[in-house]
Amino acid sequence: MQPFRQPVEFGATPSVMGIINVTPDSFHDGGRHYSVESAIEHGVRLVEEGAAVLDVGGESTRPGSEEVSAEDELKRVLPAVLGLKERVDVPISVDTWKSKVAAEVINAGADWINDVSAGHRDPDMLRVVAEAKVPYVSMHMRGTPQSMQSLTEYEDLIGEITAYFGDRLEAFEKVGGNREMMILDPGIGFAKLPEDNYRLLANLELFRSLGQPMLIGPSRKSFLKVVGVNNTDDRLPGTLAAVAVCAQAGVEVVRVHDRSEEHTSELQSH
């Protein structure tokens with residue numbers, strides 16, 4: 001097996017992937033870390049407070065978000081990746097579905113690729129990550145951010161997602177990919193109804209038949225809102241509960257927005 005460029009030792013509790021959105025329109029923190037300086041400082045704080053991986057994204061994938069060009073995405077993420085590589089010693093992931101972006105950021109030192117489309121939107125992606133031998137997060141979704149919330153009908157939610165992952169693993173191996181480099185993400189919030197998201201959390205162990213590490217990204221998502229509360233800032237308790245479920249199920253990585261100091265202050269206010 002080829003080693004990860006920067007391995008994460010998966011232990012008894014989930015490793016934390018800290019989110020750095022260098023976008024103006026992401027659903028929770030869009031614009032907060034849009035400048036390179038803010039993105040880098042946020043990443044440094046996340047690592048100081050326990051993040052084992054940092055995930056840099058230059059295109060929002062919230063429902064209804066607009067696609068950006070590869071060139072604009074690279075203008076957002078490349079400076080952040082280069083700056084973070086100088087300041088932190090954890091793997092840097094880039095959240096992109098575009099093979100051109102993936103190739104450029106890997107060349108600049110990015111260690112992981114996190115692809116919401118699992119190679120469906122850009123078939124060259126699988127070849128790029130296979131040749132680079134980097135860890136590849138392969139997420140389940142249907143359609144695009146513009147169409148996915150109209151594609152939420154399933155006859156067998158768990159079975160269909162499991163089959164999807166089996167197909168992605170096979171396609172990855174066909175282009176020379178090592179399946180041990182693929183991390184599976186069932187895509188909470190992506191072409192899923194709220195009840196589907198709860199069903200996924202309740203049945204995470206069923207994906208273990210594929211033998212792959214798992215990543216779950218529940219942070220601040222709309223299925224966690226309570227009646228009368230629609231602000232993402234009020235979804236921390238639900239996020240913590242979802243992360244606890246992931247830990248119980250042995251999930252290897254959880255992808256979250258928050259630093260520990262923010263957790264403490266917000267929980268004290270509830």
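Taken together, the values in this text are just the output of simple stated rules run on the coordinates, not laboratory data. None of the values given here were measured: they were computed from a predicted structure. Virtual Cβ from ideal backbone geometry, glycine too; neighbours counted across all protein chains shown.
Could you pull out the pairs from 75/98; 75/192; 75/174; 85/192 whose alpha carbons sit more than 23 Å apart here? Cα-Cα > 23 Å for 75/192; 75/174; 85/192; rest within. Exposure proxy ranking for 219, 15, based on other Cβ atoms within 10 angstrom of each Cβ and starting from the fewest, stands as 15, 219. Spatially, the stretch 68-93 and the stretch 143-167 are offset by 30 Å when compared through their Cα centroids. Starting from the Cα gyration tensor of the stretch 15-136, take the square roots of the eigenvalues, sort them a ≥ b ≥ c, and report rounded, prolate or oblate (rounded when a/c is under 1.5, otherwise prolate if a/b is larger than b/c, else oblate). The shape class here is oblate. Restricting the GluC sites (Glu not before Pro) of the stretch 121-180 to loop positions (DSSP other than H, G, I, E, B) with no more than 16 neighbouring Cβ atoms within 10 Å leaves 153, 155.
Checking every one of the GluC sites (Glu not before Pro) in the stretch 43-81 against DSSP loop status and a limit of 13 other Cβ atoms within 10 Å picks out 66. For the stretch 95-207, the spread of Cα coordinates along the three principal axes comes to 40, 28, 20 Å, biggest extent given first. By other beta-carbon atoms within 10 Å, ranking 124, 115 with the fewest at the front produces 124, 115.
In terms of other Cβ atoms within 10 Å, 164, 136 run from fewest to most in the order 164, 136.
Computed over Cα pairs, the Kirkwood radius of the stretch 67-110 leads via Stokes-Einstein (1.567 mPa s, 4 °C) to a diffusion coefficient of 123 µm² per second.
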